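These notes are about the structure you will find just below.
The values are calculated or read from the model by the stated rules, or taken from the named source; none is laboratory data. Because the structure is a prediction, the values reported are computed rather than measured. Positions of Cβ are generated from backbone atoms using ideal geometry, with glycine treated the same way; all protein chains shown enter the neighbour counts. The protein model used for the area step is the full one, side chains on, heavy atoms only, and it has no ligands, DNA or RNA in it. Shrake-Rupley method; radii C 1.70, N 1.55, O 1.52, S 1.80 Å.
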Amino acid sequence: MLRFLWESISVQVLLVFLVVFLLVADYMKHRKPKSFPPHPFYLPIVGHMYLMNFSNPLMTVQKLNEKYGDIFGLEMGTASFVFVNGLQMIKEVLVNQGENFLDRPEMALYKELFSKRVEGSALAHSVLSLAGLLSSNGHLWKQQRRFTLSTLRNFGLGKRSLEERIQEECRYLVDAFGDEQGHPFDPHFKINNAVSNIICSVTFGDRFDYHDEDFQKLLRLIDESITKSGAIMSQLYNSFPSILKFIPGSHQTVIKNWRLMRSFVKERIDKHKEDWNPSESRDFIDCYLQEIAKDKGDGAFQEENLVACSLDLFLAGTETTSTTIRWGLLFMAMYPEIQARVQAEIDTVIGQARQPALDDRSNMPYTNAVIHEVQRKGNIAPFILPRLTMKDTVVDGFYIPKGTGVIANLTSVMFDKNEWETPDTFNPGHFLKDGQFWKGESFVPFSIGKRSCPGELLARTELFLFFTALLQKFTFQAPPDATLNLQFKMSITLSPKPYKICAVPR
Ligand code: HEM
Ligand SMILES: *[C@@H]1O[C@H](CO)[C@@H](O)[C@H](O)[C@H]1NC(C)=O
């Protein structure tokens, strides 16, 4: 009887049964509690991918925002995300209930690059313990974060030494712009080089000449990786790493480039180890080597983490600041009256003979306001970096289960019609009150809460010194035969489309 039954069930029926079973199982797994934030209809396996307009994913999410309001859910592959909008709600998530949202979701790329190497340490058992600062979690993250903040501080953040290094780099950058003799050029890689030299001198102890071919190549690799990380294949790779790992596409370039970047950092570390003198700490790497030497056996400080941390600083510290400066020059060329007022303030407070110093900032409310407005309108990290819900949490009456990804939308704060006079127009008046510099709560480019940007102080110092040094010596203009525009491209950061500009000596 059984045998007869068995034989009469065809392979097709079995397959159909299996597929239905898998779909139902998948559906059950992803079924959301009633009070989960509103979300569109969920399809098994692909989740909400079917909604995605892959040539413009931002558009897709924007539509959901219009439909569902300030908080809504979205399934990407196997991961579940909640989008959060508006200052009140973002503050609730990142500050008031910040302790529940400190982790980051696992990034396939970091896992591929680093996690194997953590083996052998006490942390090896935990899959989520990825290396570094930007993508690590829990105890490991706390240790790296504390160490990085205090080391950055010791290297003269807020002290003379670092200010002098930045001033020195400003001289190189001004010279390099001067070499162009007012002709149109793309300032991208010169700015990139100057900015990364600051973080290089803090982490590795060196700067690199703008003509150093190897370093230029590295900067281009980084740029390519950042651009390609925004591509569809890379996004899909993050959702389905185990399949995409074996398929060609832009994500393979990203992985390859990261390997090269990692070996660049690794070489620097090896050199430091060769001539290491425990009683002297020249830079971030030296300090970290000291921590490794006195590691208490919990594995938080070990070489692979040093590689990842240095890479994090290098990448997070270069792309962001340099993109902001590129926006700044573009805004200046597009709004000559605003540029002229900045230059007038520079001439009054600093003059032409002396280099700008950080102390000047408090006497330059207009310039300070312009730099803040560049950051607001530039909006280079509109979705910060994703977070992960660490335990079941209720936000604004909605239930967010442990393990849900959270994405805070800074655009909704920095372009909020109720907070800003002219949110869509470049307007330094947003940061001035009675001629004095003024800043409200809705200025959040570095994010807020315990996991906000640890490089904020450094970035603000760099932005002020580079920006004033350049405007002290040049007037920025569109090339004679071209018009400039504010078109952007979205990858990991939101950056201006490549442009050429004239730096006319003053
Ligand atoms: C204009 C310049 C910059 C902007 C707009 C910016 C913005 C941000 C934002 C929005 C985050 C995510 C924070 C969160 O998850 O809540 C972040 C994280 C981070 N930034 Fe920056 N940043 C800038 C410059 C820098 C610099 C110069 C450094 C180098 C010291 C740096 C190092 C980092 C690191 C290491 C993280 C990860 C922190 C963690 O996960 O604990 N950033 N940044
Ligand atoms: C982010 O905020 C802006 C401005 O409020 C809005 O237009 C956009 O749809 C939001 N995006 C998401 C993904 O919520």
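For every residue, the table says whether it meets (1) open to solvent by 50 Å² or more (accessible area, probe 1.4 Å); (2) basic (Lys, Arg); (3) touching a helix residue (DSSP H, G or I) at 6+ places or on another chain (Cβ under 7 Å).
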{"position": "Leu330", "(1), (2), (3)": "no, no, no"}
{"position": "Tyr335", "(1), (2), (3)": "yes, no, no"}
{"position": "Ala344", "(1), (2), (3)": "yes, no, no"}
{"position": "Pro356", "(1), (2), (3)": "no, no, yes"}
{"position": "Ser362", "(1), (2), (3)": "yes, no, no"}
{"position": "Pro365", "(1), (2), (3)": "no, no, no"}
{"position": "His372", "(1), (2), (3)": "no, no, yes"}
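Within region 279-323, track down each residue that is surrounded by fewer than 18 Cβ atoms within 10 Å (Cβ to Cβ) and of a type in the set (Val, Ile, Thr). The answer is Ile292, and nothing else.
Apart from one condition, Phe215 fits all of (1) among the aromatic types (Phe, Trp, Tyr); (2) open to solvent by 30 Å² or more (accessible area, probe 1.4 Å); (3) within 27 Å of Leu173 (Cβ to Cβ); the exception is (2). A count restricted to region 93-102 and to residues that are surrounded by 19 or more Cβ atoms within 10 Å (Cβ to Cβ) and closer than 24 Å to Lys417 by Cβ stands at 2.
When region 188-218 is examined, which residues are found to be more than 22 Å from the chain's Cα centre (by Cα) and of a type in the set (A, V, I, L, M, F, W, C)? Reasoning before the result, please.
Keep residues of region 188-218 that are more than 22 Å from the chain's Cα centre (by Cα), which gives 205-214.
Phe208 - this is the single residue of region 188-218 that is more than 22 Å from the chain's Cα centre (by Cα) and of a type in the set (A, V, I, L, M, F, W, C).
Name the residue, out of Val406, Val413, Val444, Val395, that is β-branched (Val, Ile, Thr), touching a Lys or Arg at 6+ places or on another chain (Cβ under 7 Å) and within 16 Å of ligand 2 (Cβ to nearest atom). Residue meeting the stated conditions: Val406.
Return a yes/no flag: does region 452-460 have any residue that is more than 16 Å from Phe177 (Cβ to Cβ), polar (S, T, N, Q) and modelled with pLDDT of 95 or more. There is at least one residue in region 452-460 that is more than 16 Å from Phe177 (Cβ to Cβ), polar (S, T, N, Q) and modelled with pLDDT of 95 or more. The residues in region 61-85 that are within 16 Å of ligand 1 (Cβ to nearest atom), closer than 22 Å to Glu419 by Cβ and in contact with a Ser or Thr (Cβ under 9 Å, 6 or more places away or on another chain) can be counted, and the count is 2.
Look at Ala25 and say whether it is away from ligand 2 (no atom under 13 Å from the Cβ), more than 27 Å from Phe443 (Cα to Cα) and open to solvent by 30 Å² or more (accessible area, probe 1.4 Å). Steps first, answer last, please.
Working: away from ligand 2 (no atom under 13 Å from the Cβ): yes; more than 27 Å from Phe443 (Cα to Cα): yes; open to solvent by 30 Å² or more (accessible area, probe 1.4 Å): yes.
The answer is yes for Ala25.
Of the listed requirements (1) of a type outside the set (Ser, Thr, Tyr); (2) away from ligand 1 (no atom under 11 Å from the Cβ); (3) at pLDDT below 90, Phe155 misses just one: (2). Residues that are buried (at least 17 other Cβ atoms within 10 Å of the Cβ) and in contact (Cβ under 8 Å) with a residue 12 or more places away in the chain were ranked within region 416-428; the one that is nearest to ligand 2 (Cβ to nearest atom) is Trp420.
When you check Val61 against the structure, is it at pLDDT below 90, within 16 Å of ligand 2 (Cβ to nearest atom) and open to solvent by less than 30 Å² (accessible area, probe 1.4 Å), yes or no? The answer is yes for Val61. Of all residue pairs spaced 6 or more apart or on separate chains, those with beta-carbon atoms under 8 Å, a first member in region 438-462 that is basic (Lys, Arg) and a second member that is within 16 Å of ligand 2 (Cβ to nearest atom) are Arg451/Leu94; Arg451/Arg387.
Suppose we keep only residues that are farther than 16 Å from Thr151 by Cβ and in contact with an Asp or Glu (Cβ under 7 Å, 6 or more places away or on another chain) within region 254-275. Which one would you say is surrounded by the fewest Cβ atoms within 10 Å (Cβ to Cβ)? Per the criteria, the residue is Ile255. Counting only helices (runs of 4 or more DSSP H) that fall entirely inside region 334-444 and contain at least 1 residues that are of a type outside the set (Lys, Arg) and within 16 Å of ligand 1 (Cβ to nearest atom), the qualifying elements are 365-378, 411-414.
Can you say whether Pro386 is out of contact with any helix residue (DSSP H, G or I) (no Cβ under 8 Å at 6 or more places or on another chain) and within 16 Å of ligand 2 (Cβ to nearest atom), as far as the supplied structure shows?
yes
Residues are listed down the side, and each one gets a yes or a no for (1) open to solvent by less than 40 Å² (accessible area, probe 1.4 Å); (2) more than 25 Å from Arg460 (Cα to Cα); (3) of a type in the set (S, T, N, Q):
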position	(1), (2), (3)
Gln181	no, yes, yes
Pro187	yes, no, no
Val202	yes, no, no
Gly205	no, no, no
Tyr210	yes, no, no
Thr227	no, no, yes
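Quick grid of which residues meet (1) open to solvent by 50 Å² or more (accessible area, probe 1.4 Å); (2) in contact with a strand residue (DSSP E or B) (Cβ under 7 Å, 6 or more places away or on another chain); (3) charged (D, E, K, R):
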| site | (1), (2), (3) |
| --- | --- |
| Ala469 | no, no, no |
| Thr475 | no, yes, no |
| Asn485 | yes, no, no |
| Thr493 | no, no, no |
| Pro505 | yes, yes, no |
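When residues of region 71-90 are filtered for being polar (S, T, N, Q) and in a strand (DSSP E or B), how many remain?
Counting residues in region 71-90 that are polar (S, T, N, Q) and in a strand (DSSP E or B) gives 2.
If you check Ala357, Ala316, Ala340 for being closer than 19 Å to Leu463 by Cα, in contact with a strand residue (DSSP E or B) (Cβ under 9 Å, 6 or more places away or on another chain), more than 16 Å from ligand 2 (Cβ to nearest atom) and aliphatic (A, V, I, L, M), only one passes: Ala340.
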